[in-house]
Amino acid sequence: MSYGQKGIEAGGWIGPSVYFGDLNPDYDITHPGIAGGLIVKYVFNDRINLKFGANYLYVHGDDLRYDNNFQQQRGLNFRSNVWELGSELEFNFFAFKPGDREKFFTPFLSAGIGLFKFEPKATYQGMTKKLRMLGTEGQNIGEEYASTKFAGIISGGFKYALNNRWILSLTASTRILTTDYLDDVSTTYPDLLVIESLRNDPDAGLFSDPTENSYVGKQRGDSVNKDSYNYIGIGVTYFFGGLQCPDISK
């Protein structure tokens, strides 16, 4: 393994984000949000990298975009900023070395873990409120779902070395979440009068059931299938070659 293959890459990416979950159960990708982030990679050799990322995504969903009766009657919406820190181990399918005429392109696959923070909001009748502290599914005070959670990361794509320093990449990435409340929708409807009293907010019932079609225990969401957020990103990184990184293979 030559010394010049090791080093650090740093750069950023930008692209569309999409959320899948209770308010987008059919995996519609025609209403994307925006996403972007910063990347730092430790390049161990021409096959293995360790990637660190700091990312931002805007995700949203709206029942009223879709024609099925359940969503039309439910009438919920949400939007959320998502802030994420993550790390992935990345494998190049072909030997990759910027500046090498035979090693300038490769598909890649990576997997890792991330920590993300979210805070869903909704707008009804001209009012916008944060949903988590309204207890829209009957959560007691102090028992609200956590807004910071871990996620599994799976990514894949292609990279192309423009020269011996600059690298262009296209990445598709998904998150396997440990929460079903990215969209604030998971289980059943509560007693609306109870949550209004508990939260001391006369609008809590509106934000739980804006169409007034619920009864206590009626299905509001699907708790079996967790939510996810995803993105496709175009990235540019700069390769700082010639830096000594730990050997993990010969």
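We did not get these values from a lab; they are worked out from the coordinates using the rules stated. As the structure is a computational prediction, the values presented were derived from the model and not from experiment. Using ideal geometry, Cβ is built from the backbone for each residue, glycine included, and neighbour counts are taken over all protein chains shown.
What the table below lists for this structure:
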read-out: Cβ-based exposure ranking for Thr178, Thr30, Thr171, Thr187, in which fewest neighbours within 10 Å come first; value: Thr30, Thr178, Thr187, Thr171
read-out: Three-way shape call for region 103-166 based on the alpha-carbon gyration tensor, with the a/c threshold at 1.5; value: prolate
read-out: Equivalent ellipsoid semi-axes, region 1-114, via Cα gyration tensor eigenvalues times 5, rooted, Å; value: 39, 14, 11
read-out: Gain on full stretching of the segment that runs from Ile113 to Gln73 - 0.36 nm per residue minus C-alpha separation; value: 10.7 nm
read-out: Per-residue ³J(HN,Hα) for region 170-185, Karplus 6.51 cos²θ - 1.76 cosθ + 1.60, θ = phi - 60°, Hz, x for Gly and Pro; value: 10, 10, 10, 9, 10, 10, 9, 8, 9, 9, 10, 10, 4, 9, 6, 10
read-out: Reciprocal of mean inverse Cα separation for region 51-181 (Kirkwood radius, Å); value: 17.8
read-out: nm² value of the averaged projected area, convex hull over the Cα atoms of region 3-241; value: 13.5
read-out: Residues Val59, Val82, sorted so that the one with the fewest Cβ neighbours within 10 Å comes first; value: Val82, Val59
read-out: When each of Lys130/Lys218; Lys6/Lys149; Lys51/Lys130 is checked by Cα-Cα distance, pairs over 27 Å; value: Lys6/Lys149; Lys51/Lys130
read-out: Fewest-first ranking of Asp100, Asp67, Asp46, using other Cβ atoms within 10 Å as the exposure measure; value: Asp67, Asp100, Asp46
read-out: Whole-number percent relative contact order across the chain, with pairs defined as alpha carbons under 8 Å at least 6 apart; value: 25
read-out: In Hz, Karplus ³J(HN,Hα) per residue of region 201-218 (6.51, -1.76, 1.60; θ = phi - 60°; x = Gly, Pro); value: 9, x, 9, 4, x, 4, 6, 7, 9, x, 9, 6, 10, 9, 9, 4, x, 5
read-out: Kirkwood hydrodynamic radius (C-alpha pairs) into Stokes-Einstein, region 18-75, 20 °C and 1.002 mPa s, D in µm²/s; value: 151
read-out: Whole-Hz couplings from phi, Karplus 6.51/-1.76/1.60, listed for region 98-108; x for Gly and Pro; value: x, x, 8, 5, 10, 10, 9, 9, 7, x, 9
